[in-house]
Amino acid sequence: MKKLERRLTLPAVIAIGIGGMLGSGIFVLPGIAAAKTGPSLWLAYLLAGLCVLPAALSKSELASAMPTSGGTYIFIERAFGPILGTIAGLGLWLSLLLKSSFALVGFGAYLLVLADVPLKPASLGFLGLIMALNIMGVKKVGNIQIGVVSLSLLGLLLLVIFGIPNVEPANMTPFLTHGNKGLVATAAFVFVSYAGVTKIAAIAEEIKDPGRNLPLSMILVLVVIGLVYTLVSFTLVGNVPVAELEHDLHPIYTLANHLAGRWGGLAAAVLGVVTLISMANSGVLAASRFPFAMSRDRLVPIFFSKVSPRFLTPVSAIIATCLLMALAISFLDVERIAKLASAFKVMMFMAVNACVIILRETAVQWYAPPYRSPLYPWMQIFGIVSGMVLLVLLGATGVLGALLISVIGGGIYFFYGRIKSQRSGVLKKYGHKPALFLLYRRSWKKLIGKGIQSEPYEAIKSTSLDGSLAKEAEVVIPLFGKESSVEMLVEMGAALSMGQKVQVVHFKEVPDQTALEALLKESPIITSLNRRIAAMARERNVDVDFDAVVTHELVKTIYEVSTQSHCRWLVSGWEGRSRTRLLVRNPIGWLVTHLDSNFALFKDNGVRYIRRILIAQRPYRNDLKFITAASRIAAFYEAELTLLRIAPQHTSEEKLRQIRQDSENLLSASSSIANLIVQKSPHPVKMVTEMAAEYDLLITGTPGKENWTDVLFGSNQDKFSREAPCSVLRLTINE
C-alpha cells in the first residue's frame, strides 16, 4: 500500500489550520451568534477558545505520538477501540464536510454583493475546482493556503485597526441580552469555529518533522485565531447595532461597508469569497483523511484507502467527500448545521482529552510522545467538564444529531468493521469494570463473576513468540526498556529462583497498525542486553535465558510468557506505583491482581551491593511464604536480615508482647536467622524511611485496599518506595 508523502512545512501547516478556522466561523456565524448574546459576542468567542485549549494541548501530545492521517479518529480508535473509532471517524468526516459545504454556501452571500449569479451552480462549480486541486496534491493546497490566509488576516487586521477607534459605547449595551446562560450557549454555538485544530491533526502523516511542527502549529493557530475572532467580533458589535446583525450572513461586508463605504464593502466581499473558498478547500483536504484512515483499519471498505500512484493523494476518499458536499449544498440550514457540527466537535474534543488520560495512566509502551501536555491531568479534566456544559447548552438539536451519527457509526461497525477488523483499544486491554460495563460488556453476569476482564486471557498465537522461551522457569523477568539497572533486576530474580532457571524477556510493544515482522530483527539494544545479562549470569553462576519479544498487546503477551514458562515468580522493574483510576489501570496493576504466580516489583535506587536488608511488614500479617522469599534474597547476597514490626501508638504492652512472640515464631518456622525490631509509632512511613537509611534493600508487602479517592484520582503511590533512601522490593504472594 502506498504511503502519503511528508511535504508540508510549518508555515503551510499553520496556513491550513488557520484557513480551516478563518472562514464561516468569522465571515458568516457572528451575525447569527450576536442575536443570541448581544455585544458580549467577543467574550463568547474567547470562552470557546479557552474551552478548546485543553483539546489543542491534548491533540498536540497525541499527534506527536501518532503522526498519521486520521487525526482525532486515530486517537480515539487507539484508546477506546474500533467501535468508538468508527463513530468518531464518521462524525468527524461528516462534521468537517458539512462545515465546508456551509462555507461554500456562505460565500454566496458575499458573491451576491459582487454579481448576480445563481448560487448553487456557482458553489458546485467551485467545489469541482477544489476537488481537482486536492487530487493534484497537498503541496499545491499548502502553497495556495499561505497566500489566501495572509490576505485574509491582513484584511481583518485593517478592519480591527480602523474599527476599534470608532466603537460606539451605545452599541455595547446591554452587554448580555440573554444573561450568562445565553453567553455560554453562544460559546457552544461558535465552538465549531475552532475546528481547524482537528484538521492539522488529520494531515499529520503529511507533515515534515511532526514531533516539532505538530504541537507548535496547533498552539500557534489557536492563539492567532482566538485573537482574531475576539478582536474582529468586538469591532463588529461595537460598530454595527446587534439588531442589524441578527439575520446577516455577510457580517464582515457589513462592517467594512459601515467603516469604509461602498468600495470598502466590495473589497470585504472579495475577501469573504476567497477566504470561504479557501476554507472549503482546507476542509476537503482534512475531511477526506478520515475515511482514508478508517479504510486502512478495515472499518470501512478498502476502496477509500486507494492512493493515486501519480499524485500520492487518497483520490477515492476525496471524491466521496466532495460528492457528499455536493448533496449537502442543496439542503443546508445555517443555524442547525452549526449546532450539529459544534455538538459533535464538543464530544470529540472531550474524547480527545480522555484519550490522553487513558494512554498516560495505562502507560502503554508504544505511547511516547515527544511533546507532553502541561498541567496534566487538570487541563484534560477541565476540557471534559467544560465540554459537558457546552453540550447541554447546545440544546436538543445538537445532542440528537450527535446521537444519530453515533447510531449510524455503530451500525457500520457492527455490520462491516466488526467482521473485517480484529483490533482492540487500549481501554479494552487495560480497563476494568466501569469501563467494560460502558463499552465492552458481553453480559453483566460474566463481568461481575470474573472481575476486571470479561474472560481470562487465552493462549495467543503470534509471531511475537518464537517458541524459544524456556518451558520451565522459576522466575520470569520482563524488561520494558526503562530499567535503571538490568543487572540488579536480574540478580533479584536469580535470588528468588533458588538456583533454578531465570527467563529474561525484553518486550517491545507497538501499535496495532505496525507489522510485527518488520521489528523482529535483532537491534543493538538487544545485542547489548544479551551480552550484559550473560556476563552477570557467569559471574553469579546462575542459569539465565534471554529472549526478545515484539507484541501488539503487552500485558497479554506477558501473561502468555508466564503461562508458557510455568513460572512461580514474575519480577519487574518499578517506578514506585501501580496506579488505578476509575476506568483504567496501569498494566503493572493488572498483572499484580491477575497473575497466578507471585509478583515482585523492584525499585532500583542505585544501591549496587546488598549487605543489609530490612523487612517492613504489618504487625498482624504473618505470612511464612513472604519471610521465606526474603530469606532467599538474604542468602543469595549473604546479607544481614532484619524484620521490623511497627504497631500503632495506642497498642498495649500485652499486644506488643504478642506481636513479638508471633514474629519470633514466624522467623523460627522459616529457619531464618534475622534480627527483630518491634516498636510503636504514629508515623510508620517516617519511621521506616529513617531506619531504611541504615540498610541497602527494603522489602515490603502489597499495600491495603484502595479507597474511592485512590481509585478516582490514582493517588495510591507506594509511600515506602517513594520515601525510602535505599532500593525497594515489593512482594505480592499469590500462591
In region 477-502, what count of residues is obtained for those that are among the basic types (Lys, Arg) and modelled with pLDDT of 90 or more?
1
Scanning region 701-735 residue by residue, those among the hydroxyl-bearing types (Ser, Thr, Tyr) and either modelled with pLDDT under 90 or within 20 Å of residue 647 (Cβ to Cβ) (or both) turn out to be 702, 709, 715, 721, 732
Odd one out for residue 659, checked against (1) modelled with pLDDT under 85; (2) among the aliphatic types (A, V, I, L, M); (3) under 49 Å from the mean Cα position of the chain (by Cα); (4) over 18 Å from residue 729 (Cα atoms)
(1)
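Does residue 635 meet the test of being modelled with pLDDT of 85 or more and of a type in the set (A, V, I, L, M, F, W, C)?
On the way: modelled with pLDDT of 85 or more: yes; of a type in the set (A, V, I, L, M, F, W, C): yes.
Taking the combined requirement at face value, the residue satisfies it.
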Search result, residues across region 171-205 that are farther than 20 Å from residue 335 by Cα, part of a helix (DSSP H, G or I) and either at pLDDT below 80 or not assigned by TED's automatic domain parsing to the domain that holds residue 244 (or both):
197, 198, 199, 200, 201, 202, 204, 205
Could you give me the residue pairs with C-beta distances under 6 Å whose first residue belongs to region 676-700 and is closer than 12 Å to residue 616 by Cβ and at pLDDT 90 or above, whose second residue is among the small types (Gly, Ala, Ser) and not in a loop (DSSP other than H, G, I, E, B) wherever it lies, and which are 6+ apart or on separate chains?
697/727; 698/692; 699/630
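Restricting attention to helices (runs of 4 or more DSSP H) lying wholly within region 11-110, give those where 3 or more residues are modelled with pLDDT of 80 or more, out of contact with any Ser or Thr (no Cβ under 8 Å at 6 or more places or on another chain) and surrounded by 24 or more Cβ atoms within 10 Å (Cβ to Cβ). Don't jump to the end; show me each part of the working.
On the way: elements: 24-27, 29-37, 41-65, 72-80.
Hits in region 11-110: 41-65, 72-80.
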For region 236-252, give me each residue that is part of a helix (DSSP H, G or I) and either hydrophobic (A, V, I, L, M, F, W, C) or surrounded by 24 or more Cβ atoms within 10 Å (Cβ to Cβ) (or both).
236, 237, 242, 243, 245, 251, 252
Using the structure shown, decide if residue 230 is in a helix (DSSP H, G or I), modelled with pLDDT under 85, within 21 Å of residue 99 (Cα to Cα) and within 40 Å of the chain's Cα centre (by Cα).
no
Search result, residues across region 376-394 that are without any contact (Cβ under 8 Å) to a residue 60 or more places away in the chain and over 11 Å from residue 347 (Cβ atoms)
376, 377, 378, 381, 385, 392
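Checking the conditions here, which among 265, 283 is small (Gly, Ala, Ser) and out of contact with any Gly (no Cβ under 7 Å at 6 or more places or on another chain)?
Values: 283 fails: out of contact with any Gly (no Cβ under 7 Å at 6 or more places or on another chain).
Of the residues listed, the single one that is small (Gly, Ala, Ser) and out of contact with any Gly (no Cβ under 7 Å at 6 or more places or on another chain) is 265.
What number of residues within region 347-382 satisfy the criterion of being in contact with a Lys or Arg (Cβ under 6 Å, 6 or more places away or on another chain) and modelled with pLDDT under 85?
From region 347-382, those in contact with a Lys or Arg (Cβ under 6 Å, 6 or more places away or on another chain) are 352, 361; that's our starting set.
Subsequent filtering for residues that are modelled with pLDDT under 85 retains 361.
Final tally of qualifying residues: 1.
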Tell me yes or no: at least one residue of region 254-272 is surrounded by 21 or more Cβ atoms within 10 Å (Cβ to Cβ), over 30 Å from residue 413 (Cα atoms), within 37 Å of the chain's Cα centre (by Cα) and modelled with pLDDT under 90.
yes
Hey, residue 628 modelled with pLDDT under 90 and either aliphatic (A, V, I, L, M) or in contact with a Ser or Thr (Cβ under 9 Å, 6 or more places away or on another chain) (or both) or not
yes
Could you please find all residues in region 385-396 being surrounded by 16 or more Cβ atoms within 10 Å (Cβ to Cβ) and in a helix (DSSP H, G or I)?
386, 387, 390, 391, 393
Checked region 208-232 for anything over 27 Å from residue 165 (Cα atoms) and surrounded by 21 or more Cβ atoms within 10 Å (Cβ to Cβ); matches are 210, 213, 214, 215, 217, 218
Take region 552-576 and flag every residue that is in contact with a Ser or Thr (Cβ under 7 Å, 6 or more places away or on another chain) and charged (D, E, K, R).
568
Residue check: is residue 55 closer than 17 Å to residue 217 by Cβ and either of a type outside the set (A, V, I, L, M) or under 20 Å from the mean Cα position of the chain (by Cα) (or both)?
yes
Mind telling me which of the residues 430, 413 ends up being touching a Pro at 6+ places or on another chain (Cβ under 8 Å), of a type in the set (Phe, Trp, Tyr), within 27 Å of residue 61 (Cβ to Cβ) and modelled with pLDDT of 80 or more?
413
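The values are calculated or read from the model by the stated rules, or taken from the named source; none is laboratory data. Note that the coordinates shown come from a computational prediction; the quantities given were computed from them, not determined experimentally. Note that we place each Cβ from the backbone using ideal geometry, even for glycine, and neighbour counts take in every protein chain shown.
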